[in-house]
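> Please see the structure below; I have some questions.
None of the figures in this text is laboratory data; all of them are computed from the coordinates on show. Keep in mind the model is a prediction, meaning the values are calculated, not measured. Methodologically, a virtual Cβ is constructed for each residue, glycine included, from the backbone with ideal geometry; neighbour enumeration extends over all protein chains shown.
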Amino acid sequence: MVGIIMGSDSDLPVMKQAAEILDELGIDYELTIVSAHRTPERMFQYAKSAKDRGLKVIIAGAGGAAHLPGMVASLTSVPVIGVPIKSSNSIDGWDSILSILQMPNGIPVATVALNAAKNAGILAGKMIGSFDEEISNRLIEYQQNLTKSVEEKIEKVKWEFKNEFDRHQED
Ligand code: RP5
């Protein structure tokens, strides 16, 4: 249902976080390398066949002069989420962010934060959840768990701070 692509195997440590959250949400995906600059014909094939192969959303990550997400978006009606990557050839990450973010009118790419492949996976899940009730429910549960974990942290901090406060009173 989701195509995860990246410009190089050096992007994998970041991009595998999208795969991990999709696993957690029980959403099928494929993952491969497609380089806009080094394998332009493969990129063309991948994007052109995406819809017929049943992909509902593509997550594309790249670093430096990151043309992959935008070029793929220009070749398919399947929505593309772009993940800017701070790669070895990136100056400071901004090159990748701006290459993916600043798309011309008509060809949108939904850009997440630098290295935020996990959020790309969650956003892809939400897109699929808009027509798949079961996945939508899993995402609701995921968000409820986030709330619960913050509530637990609030209690923990309150308790630790209270102990600290009591110690100061004793001194
Ligand atoms: C980009 O160049 C890739 O997406 C990667 O982020 C970066 C560096 O690629 P390698 O030189 O590590 O293959 O096209």
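> Can you name every residue in the range 134-148 that is over 13 Å from Ile21 (Cα atoms) and not polar (S, T, N, Q)?
Glu134, Ile140, Glu141, Leu146, Lys148, listed by residue number.
> Among the residues of the range 28-57 satisfying the criterion of being assigned to a strand (DSSP E or B), away from the ligand (no atom under 15 Å from the Cβ) and touching a helix residue (DSSP H, G or I) at 6+ places or on another chain (Cβ under 6 Å), which is nearest to Phe131 (Cα to Cα)? Walk me through how you get there before you give the answer.
Residues of the range 28-57 assigned to a strand (DSSP E or B): 29-33, 57.
The next check asks that each one be away from the ligand (no atom under 15 Å from the Cβ); those that pass are 29-30, 57.
From what is left, the residues that are touching a helix residue (DSSP H, G or I) at 6+ places or on another chain (Cβ under 6 Å) are 29, 57.
Working: Tyr29: 17, Val57: 13 Å.
Filtering the range 28-57 for residues that are assigned to a strand (DSSP E or B), away from the ligand (no atom under 15 Å from the Cβ) and touching a helix residue (DSSP H, G or I) at 6+ places or on another chain (Cβ under 6 Å), the one nearest to Phe131 (Cα to Cα) comes out as Val57.
> Another question, then. Considering each of Asn137, Asn89 in turn, give the residue that is of a type outside the set (Ser, Thr, Tyr) and within 16 Å of the ligand (Cβ to nearest atom).
On the way: Asn137 fails: within 16 Å of the ligand (Cβ to nearest atom).
Among Asn137, Asn89, only Asn89 is of a type outside the set (Ser, Thr, Tyr) and within 16 Å of the ligand (Cβ to nearest atom).
> Further question: Kindly provide the set of residues from the range 71-86 that are away from the ligand (no atom under 13 Å from the Cβ) and closer than 16 Å to Arg42 by Cα, ordered by number. Write out each step before concluding.
Within the range 71-86, the subset away from the ligand (no atom under 13 Å from the Cβ) is 73-81.
Hits for the range 71-86 are Ala73, Ser74, Leu75, Thr76.
> Sticking with this one: Please go through the range 90-139 and pick out each residue that is farther than 25 Å from Leu12 by Cβ, surrounded by 13 or more Cβ atoms within 10 Å (Cβ to Cβ) and hydroxyl-bearing (Ser, Thr, Tyr).
Listed by number, the list holds a single entry, Ser136.
> Of all the residues that make up the range 20-45, how many are more than 19 Å from the chain's Cα centre (by Cα) and among the aromatic types (Phe, Trp, Tyr)?
Number satisfying all stated conditions: 1.
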